[in-house]
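*Asks:* Have a look at this one.
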Amino acid sequence: MTMRQVTLDIPEKVLLAEKTDEASFGRELRVLAAVKLYELGRLSSGRAAELAGMPRVEFLLSLGRYKVFPFQAELNDLETSHV
């Protein structure tokens, strides 16, 4: 799998407020971005898991921590197909 790198400038005060380092914060941002993009229906669960850097099952199981229902996209598809 080919990877691309994205660089973000994070204010040091944010890292201090979060009591974390750059590497840990970067990993958390990847997961948060993956969760949100999945929630918005912009990424499938498989692609979101790739972005988060974890297996798909682990990603789906982690969604509850962020109050995101794992199969919302599938439910939305079912609702719109029955209208």
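The values are calculated or read from the model by the stated rules, or taken from the named source; none is laboratory data. Worth saying up front: this structure is predicted, and the values here are computed from it rather than measured. Heads up, the Cβs are rebuilt from the backbone with ideal geometry, glycines too, and the neighbour counts pull from every protein chain shown.
*Asks:* Just the residues that are in a helix (DSSP H, G or I) and loosely packed, with under 13 Cβ neighbours inside 10 Å, please, taken from the range 47-65.
*Replies:* Initially, the range 47-65 is screened for residues in a helix (DSSP H, G or I), giving 47-52, 56-65.
Matches in the range 47-65: Val57, Glu58, Leu61, Gly64, Arg65.
*Asks:* With the structure loaded, tell me whether Ala17 is aliphatic (A, V, I, L, M), surrounded by 12 or more Cβ atoms within 10 Å (Cβ to Cβ) and at pLDDT 95 or above or whether it fails that test. Give the derivation first.
*Replies:* Values: aliphatic (A, V, I, L, M): yes; surrounded by 12 or more Cβ atoms within 10 Å (Cβ to Cβ): no; at pLDDT 95 or above: yes.
No.
*Asks:* Checking the structure you have, find out if any residue of the range 53-68 is at positive phi and at pLDDT below 95. Before you say what the answer is, go through the steps one by one.
*Replies:* Of all residues in the range 53-68, those at positive phi come to 53, 67.
Subset that is at pLDDT below 95: 67.
Looking for residues that are at positive phi and at pLDDT below 95, one finds at least one in the range 53-68, hence yes.
*Asks:* Further question on the same structure: For the subset of the range 1-27 comprising residues that are in a loop (DSSP other than H, G, I, E, B) and of a type in the set (S, T, N, Q), which member is farthest from Gly46 (Cα to Cα)? Spell out how you get there, then give the answer.
*Replies:* Step one: list which residues in the range 1-27 are in a loop (DSSP other than H, G, I, E, B), which gives 1-11, 19-21.
Subset that is of a type in the set (S, T, N, Q): 2, 5, 7, 20.
Numbers: Thr2: 16, Gln5: 19, Thr7: 23, Thr20: 28 Å.
Step by step, filter the range 1-27, then rank; the result is Thr20.
*Asks:* Is it fair to say Ala33 is surrounded by 12 or more Cβ atoms within 10 Å (Cβ to Cβ) and modelled with pLDDT under 95?
*Replies:* On the way: surrounded by 12 or more Cβ atoms within 10 Å (Cβ to Cβ): yes; modelled with pLDDT under 95: no.
For Ala33, the condition - surrounded by 12 or more Cβ atoms within 10 Å (Cβ to Cβ) and modelled with pLDDT under 95 - is not met.
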